[in-house]
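The values are calculated or read from the model by the stated rules, or taken from the named source; none is laboratory data. If you're wondering where the values come from, they're calculated on a predicted model, not measured in any experiment. Neighbour counts run over all protein chains shown; Cβ positions are idealised from the backbone, glycine included.
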Amino acid sequence: MPSARIIPCSRGARITRLNPQQQMFVQHLLGDNKFNPVHAARAAGYKSPHQSAYALLKNEIVAAAVGKAIKVRADKLGLKAEDVLRHLATALYLDPIEIFEDDEDGEIKVKRLKDIPEDVRRCITEMKIKKRKDITGAVTTEYDIELMSKDTALGLVMQHLGLLGKGAVGVNINVDTQLINRLLNEAEARNNVVDSNTVEGEVVKLPGPQTKL
């Protein structure tokens, strides 16, 4: 979703400059584990969450308030930009072999948590454990793991590197920011599955020469 660039800054706008509903949006956005502005707008009570989220993040005062809140929280946690980028890179290049392994019967199973690298464990956003009994009474354990979206990580890294839209430094590329974010939102709605036909169909509509990364 295109927006005014949110820059963590201690001099950003105070949240008290916003109206009550805008304040709720900022609070819900900061509390959303996926930092999803549409979810935040819906939780704040906006009737048209998609349109409202777009308008809110285009509002310089709202964007500045979000940036200030992020900076305050990052300072409390001791987070640095390098740490965030390293985390995104881990999610982007995550290899399934770091989480799964073959058992003696050749079945794929989840590794024990202590055997999964710490930086990879941090990419797990949700984990459900289910125990089942078969007809013999034997108990088996199933794990349902949800990981950070590679598509979302890619979008954030591309934005940081200036690869979205015009003015990309050192790269001759023409990418439609609205298209990228819409495709990411659609992918999230399909459990992070990207429809290649949709992507190909949209890319050919983009004006100007297309340069492969």
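For segment 116-153, which positions are touching a residue at least 12 places away in the same chain (Cβ under 8 Å), not basic (Lys, Arg) and not in a strand (DSSP E or B)?
Of segment 116-153, the ones touching a residue at least 12 places away in the same chain (Cβ under 8 Å) are 116-117, 119-120, 122-130, 141-153.
Next, from what is left, pick out any that are not basic (Lys, Arg): 116-117, 119-120, 123-127, 129, 141-149, 151-153.
Within segment 116-153, 116, 117, 119, 120, 123, 148, 149, 151, 152, 153 qualify.
Take the residues in segment 64-97 that are surrounded by fewer than 18 Cβ atoms within 10 Å (Cβ to Cβ), part of a helix (DSSP H, G or I) and of a type in the set (Gly, Ala, Ser); name whichever of them is nearest to the chain's Cα centre (by Cα).
Top of the filtered list is 89.
Considering segment 147-170 alone, what residues qualify as being modelled with pLDDT under 75 and either surrounded by 13 or more Cβ atoms within 10 Å (Cβ to Cβ) or touching a helix residue (DSSP H, G or I) at 6+ places or on another chain (Cβ under 6 Å) (or both)? First the steps, then the outcome.
Quick first cut of segment 147-170, residues modelled with pLDDT under 75 only: 159-170.
Of everything in segment 147-170, those that are modelled with pLDDT under 75 and either surrounded by 13 or more Cβ atoms within 10 Å (Cβ to Cβ) or touching a helix residue (DSSP H, G or I) at 6+ places or on another chain (Cβ under 6 Å) (or both) turn out to be 159, 160, 161, 162, 163, 164, 165, 168.
Can you tell me which of (1) modelled with pLDDT of 85 or more; (2) surrounded by 10 or more Cβ atoms within 10 Å (Cβ to Cβ); (3) under 22 Å from residue 33 (Cβ atoms) is the one residue 118 doesn't meet?
Just one mismatch for residue 118, condition (2).
Only one of these is more than 29 Å from residue 146 (Cα to Cα) and touching a helix residue (DSSP H, G or I) at 6+ places or on another chain (Cβ under 8 Å): 91, 65, 69, 41. Name it. Let's see the steps before the verdict.
Numbers: 91 fails: more than 29 Å from residue 146 (Cα to Cα); 69 fails: more than 29 Å from residue 146 (Cα to Cα); 41 fails: more than 29 Å from residue 146 (Cα to Cα).
Answer to the selection: 65.
Name the single residue that is farthest from residue 7 (Cα to Cα) among those in segment 81-108 being touching a residue at least 24 places away in the same chain (Cβ under 8 Å) and not small (Gly, Ala, Ser).
99
From (1) farther than 28 Å from residue 31 by Cβ; (2) surrounded by fewer than 13 Cβ atoms within 10 Å (Cβ to Cβ), pick out the condition that doesn't hold for residue 144.
(1)
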